[in-house]
Amino acid sequence: MKDFEQLVAELANDAAPVKLAPHPYLLSLKWMGAAAVYLAVSLAVSGLRPDLAHALAQPLYIAEVGALLLVFVATSLSAALLAFPDLHQKRRLAFAPAWTFALFVLVILLAWRADSPPAPLPVHSFECTLSITLVSLLPAAWTFHVMRKYASTYYYWAGSIALLSAFSVGALWLRLHEVNDSIWHVVEWHYLPMLAAGMLGIWLGKVLLRW
Amino acid sequence: MDEITGLEELMRKSMGGDKLAYTKLLRETARFLRPFLSKRLSFDSEVDDLMQEILISIHKARHTYDGQRPYKPWVYAIARFRLQDYLRMHYADQLRHAEELTGMEKNLQEDVTESGISYESISAEVEKLPERQAAILRLMHQEGYTDKEVAAKLGMTESAVKVAAHRAYKVLRQKLERQ
């Protein structure tokens, strides 16, 4: 190791003016804006579900999509805060996804109870997980790419939340695209894989966000 | 220096490329971080090494500080992060050494048997070790317990037993080499 004074001198010599990182609110707004455009383009290409008007008349469908949207907003904001070493000194806000997930689970439970008699299961299964994953890849890659420019001290969490944020975009896209009212199917092939992606993000965070 | 506004002001100037302010800031940061690290690390050399890593991390991450929020929480977040990293690596390293030494010690045991050195012949030296280390070696070599069984008996984790045994072997080896 170098002498302390020598290190300080070297660091000071390297002290050129620095371009500041954007505020995490601005960063998350950028992510949300880009995701909104991406979602709109994806839906324009793949098409909205034909029975969307009918689906939008069902309060639990609106609640589910709304809660998923909240999960996306909260995870985007949290991922932006987690990219900063001190969470931009907004610790509570960084853990906001916990509340939105609780709300989301509550909505799913309500939809589950209301699903009587159960809606028919669609004929497909894993194709949904695959589609969500494919749609989520681009937002995930971009979020990780941006986060790597900063300095996360909670890289496990940051990775997990970043992937959840990306996968919530994919899940939103599929809920707006696919004609499907089976809550069983949605939980099994949309939301549980989304949670699994969150777990995978812990490892990905360790690999990609360490500095 | 008025520390509350002083550090933030120094950091703002540093971000603008003021080398003198940056030198002052790094020195001041090292001054208030030293007691924090000293409390958590055993040796001054570890504190010095980690301090340098922290200063380099501050330098790398300085673009994430905007000069508008308090400086110290930002610095402590980085310091804690580096400290955890350091401790994790340090203990992983110790555990690896302990495992290597356990393997080595098994081979040594064979040599000891061949050369006629028994546990009894070095038991006096073992008893001079700190109580817990002596108890671990006694259980392992006199009574034949495995690391896992010793851990259960003494209410320790298996890795802690290995680390303690490793330290004991090191001391014993030095003593025996001197004899």
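Every number in this text was worked out from the coordinates using simple rules, so none of it is lab data. Everything numeric in this text was worked out from a predicted model, so none of it was measured. In this analysis, Cβ positions are derived from the backbone assuming ideal geometry, glycine residues included, and neighbour counts consider all displayed protein chains.
Things worth noting here:
- The range A:67-154: chymotrypsin sites (Phe, Trp or Tyr not before Pro) in DSSP coil with no more than 16 other Cβ atoms inside 10 Å: A:Phe95
- The relative contact order of the range B:3-90 comes to 33 percent, based on Cα pairs under 8 Å that sit 6 or more residues apart.
- Reachable lysines from A:Lys19, criterion Cα separation under 27 angstrom, eight or more residues apart if same chain: A:Lys30, A:Lys90, A:Lys149, A:Lys206, B:Lys13, B:Lys19, B:Lys24, B:Lys60, B:Lys72
- Linear extension gain, B:Leu20 paired with B:Lys175, 0.36 nm per residue minus alpha-carbon span: 50.6 nm
- A viscosity of 0.890 mPa s and a temperature of 25 °C, combined with the Kirkwood radius over C-alpha pairs in the Stokes-Einstein formula, give the protein assembly as shown a diffusion coefficient of 97 µm²/s.
- For the range B:3-90, the spread of Cα coordinates along the three principal axes comes to 36, 21, 20 Å, biggest extent given first.
- The phi-based Karplus calculation (6.51 cos²θ - 1.76 cosθ + 1.60; θ = phi - 60°) puts the 3J(HN,Hα) values of the range B:67-84 at x, 9, 9, x, 6, 4, x, 5, 5, 5, 4, 5, 5, 4, 4, 5, 5, 4 Hz, whole numbers, x for Gly and Pro.
- Test item: B:80-91 mean partner chain Cβ contacts at 10 Å: 1
- Estimated vicinal HN-Hα couplings, Hz - the range A:29-35 in sequence order (Karplus 6.51, -1.76, 1.60; Gly, Pro = x): 4, 4, 4, 5, x, 4, 5
- Helix axis angle, A:192-208 relative to chain A longest principal axis, alpha carbon, degrees: 10
- Taking other C-beta atoms within 10 angstrom as a stand-in for reagent exposure, B:Phe43, A:Phe84, B:Phe81 fall in the order B:Phe43, B:Phe81, A:Phe84, fewest first.
- Cβ-derived FRET efficiency at R0 25 Å, A:Arg113 paired with A:Asp51, nearest 0.05: 0.65
- Here's the picture: charge each Lys and Arg Cβ at +1 and each Asp and Glu Cβ at -1 in the protein assembly as shown, and of A:Gln89, A:Phe167, A:Gly198 the one pushed furthest to the positive end of that dipole is A:Gln89.
- Sequence-distant contacts, meaning Cα pairs under 8 Å at least 6 residues apart, place the relative contact order of chain A at 27 percent.
- Over the range A:23-208, the fraction of Cα-Cα pairs per 5 Å bin, rounded to whole percents and listed from the shortest bin up, is 1, 8, 17, 21, 20, 14, 9, 5, 2, 1, 0.
- A crude spin-label estimate for the pair A:Ala40 and B:Lys39, with each label 7 Å from Cα along the Cβ direction, gives 5.2 nm.
- In this label model, B:Lys128 and A:Leu106 are separated by 6.9 nm, measuring between points 7 Å along each Cα→Cβ vector.
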